[in-house]
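Following: one structure in structure tokens, then a few remarks.
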Number of protein chains: 2
Amino acid sequence: MVPGFDATDEGLMSATYRAFCRRGFASLTMQDIADESEKRKAALHYHYDTKHDLLAAFLEYLYGRFHERVDAVDHDAPAEQLLALAETVLDPPASGERGFRTAMLELRAQAPYAEDYRDRLAKVDRHVRERVVETVAEEAERGVFRDDADPDEMATFVVTVISGAHTRRVPLDCPDCPVDAAQTVLAERVEDLLADEVLAG
Amino acid sequence: MVPGFDATDEGLMSATYRAFCRRGFASLTMQDIADESEKRKAALHYHYDTKHDLLAAFLEYLYGRFHERVDAVDHDAPAEQLLALAETVLDPPASGERGFRTAMLELRAQAPYAEDYRDRLAKVDRHVRERVVETVAEEAERGVFRDDADPDEMATFVVTVISGAHTRRVPLDCPDCPVDAAQTVLAERVEDLLADEVLAG
């Protein structure tokens with residue numbers, strides 16, 4: 001269970017997820033969410049004043065789920081660790097729904113006007129960056145990655161490529177193509193980071 | 001002037017640009033656009049049935065402007081050619097407005113539901129890819145880029161990084177940081193493509 005969310009909250013977040021995928025962001029109403037849950041609209045309003053507040057909680061919940069998945073990524077080999085991390089972020093289970101991806105892009109476009117959306121999206125970006133920085137720094141120290149591997153630069157690289165793949169897949173007829181392409185790009189870059197000794201061995 | 005658009009059209013497109021930046025995508029009305037132009041709402045409707053039709057024409061216009069700028073990029077050195085191309089796409093004059101970038105992301109999120117938006121966005125993606133493929137292929141033939149430089153892979157790389165920078169900059173407090181970071185990432189990648197003889201020379 002995601003910290004800070006009890007069973008009732010989780011039920012409500014699942015209902016929000018279903019309504020969000022089905023209706024998108026802009027036209028989503030509290031009634032749509034109530035329709036997907038076992039609660040009445042009035043009960044939703046008891047917990048959350050507005051759709052905005054409920055969606056901010058929903059983002060927090062998604063972030064919690066995301067955090068769990070990212071921290072569960074654990075490989076001995078750093079190259080695989082980075083790629084597994086990228087795979088987790090590139091194609092999380094929740095993104096299987098085209099409706100979800102589309103609604104998330106709509107929500108992201110609202111971030112300049114909504115500080116609480118912005119903060120939560122920034123947390124995701126930061127969390128991925130931190131994991132990449134940690135992995136690259138540790139492995140450069142252990143001699144697996146090259147001495148001159150720059151953890152910050154690699155972190156920026158990873159979040160930029162992931163963001164690009166997410167955005168490109170929304171309008172395309174082949175939504176998996178940009179994700180596959182991003183995996184290839186990242187795999188090459190990780191290969192570039194490996195120390196000569198590791199490549200030789 | 002953009003092919004297919006006369007002076008009247010250009011005036012209307014400028015008005016649409018201003019209204020789009022000011023009001024965003026979702027809440028934009030034909031009245032907002034009329035308010036920015038010298039025309040009445042009824043006159044707009046004479047040319048375009050709906051806001052959707054007008055925005056599809058606006059995307060076509062932006063694409064025309066974009067096409068002109070991309071084709072004007074011309075450097076002798078292929079590395080500079082690719083970077084100047086990326087710079088043109090990463091930070092076109094129109095994107096200076098935060099409102100514009102935000103509204104474009106909103107519009108992009110609507111693309112799955114709107115074929116004419118989707119087609120025009122896909123054209124931009126394709127146009128950049130084609131320019132990259134051409135440049136890399138020519139320069140690999142001339143021996144400036146490595147023999148094994150893969151034009152398609154580089155094209156995917158460039159559009160993914162650019163898309164990622166565009167998306168990341170929308171919610172961030174430092175909108176130029178992702179763009180600067182993307183330039184660095186692309187410059188490194190171009191460097192990797194240079195043939196050994198060129199580097200030695």
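Bear in mind that the values in this text are calculations on the coordinates, not laboratory data. Here the structure is a predicted model, which means the values were calculated and not measured. When we count neighbours, we look across all protein chains shown, and the Cβ atoms used for this are built from the backbone with ideal geometry, even at glycine.
Structural remarks
- Taken about its Cα centre, the protein assembly as shown carries a charge dipole of about 2660 debye when Lys and Arg each add +1 at the Cβ and Asp and Glu each add -1 at the Cβ.
- Between B:Ala34, B:Ala84, B:Ala42, the residue with the greatest mean-square fluctuation in the GNM of chain B (Cα pairs under 10 Å linked by springs) is B:Ala42.
- Within 10 Å of the Cβ of each residue in B:152-161, the mean number of Cβ atoms contributed by other protein chains is 5.
- Separation between Cα centres of segment A:115-134 and segment A:143-169, rounded to whole Å: 14 Å
- Scattering from the protein assembly as shown was approximated by placing one identical point on each alpha carbon and applying the Debye formula without solvent; log10 I(q)/I(0) at 0.09 1/Å stands at -0.60.
- Projecting the Cα atoms of A:Tyr117, A:Phe145, A:Ala79 onto the charge dipole of chain A, computed from C-beta unit charges around the Cα centre, puts A:Tyr117 farthest toward the positive end.
- Kirkwood analysis of the Cα pair distances in segment B:75-156 returns a hydrodynamic radius of 14.4 Å.
- Extending 7 Å from Cα along the Cβ direction at B:Lys41 and again at A:Glu134 yields two label points whose distance is 5.5 nm.
- In degrees, nearest ten, helix A:98-110 long axis to first principal axis of chain A (Cα): 90 degrees
- For chain B, with +1 on Lys and Arg beta carbons and -1 on Asp and Glu, the positive-most of B:Thr135, B:Thr160, B:Leu199 along the dipole: B:Thr160
- Calculated log₁₀ intensity ratio I(q)/I(0) where the Debye formula runs over C-alpha points of segment A:48-201, q = 0.13, 0.21 Å⁻¹: -0.64, -1.37
- Length-normalised contact order of chain A in % [C-alpha pairs under 8 Å, at least 6 apart]: 21 percent
- Spacing of the two label points (7 Å from each Cα toward its C-beta) at A:Arg69 and B:Asp147, in nm: 4.3 nm
- With a cut-off of 16 Å on the backbone N, the residues of segment B:153-170 near the modelled label site 7 Å out from A:Cys174 along Cα-Cβ are B:153-160.
- Stokes-Einstein D in µm²/s, Kirkwood radius over Cα pairs - segment B:1-132 at 37 °C with 0.692 mPa s viscosity: 210 µm²/s
- Inter-chain Cβ neighbour average for residues B:22-35, partner chain, 10 Å: 1
- The charge dipole of chain B, taken about its Cα centre with unit charges on the Cβ of Lys, Arg, Asp and Glu (plus for the first two, minus for the last two), comes to roughly 1400 debye.
- Taking the Cα centre of segment A:80-180 as origin and assigning +1 to Lys and Arg Cβ atoms and -1 to Asp and Glu Cβ atoms, the resulting dipole is close to 520 debye.
- Built from the Cα atoms of segment B:130-189, the convex hull projects on average onto 4.1 nm², one quarter of its surface area.
- Judged by a Cβ-Cβ distance under 4.7 Å, the unpaired cysteines of chain B are B:Cys21.
- Per-residue mean of foreign Cβ neighbours for B:97-108 is 3 (Cβ atoms of other chains, 10 Å radius).
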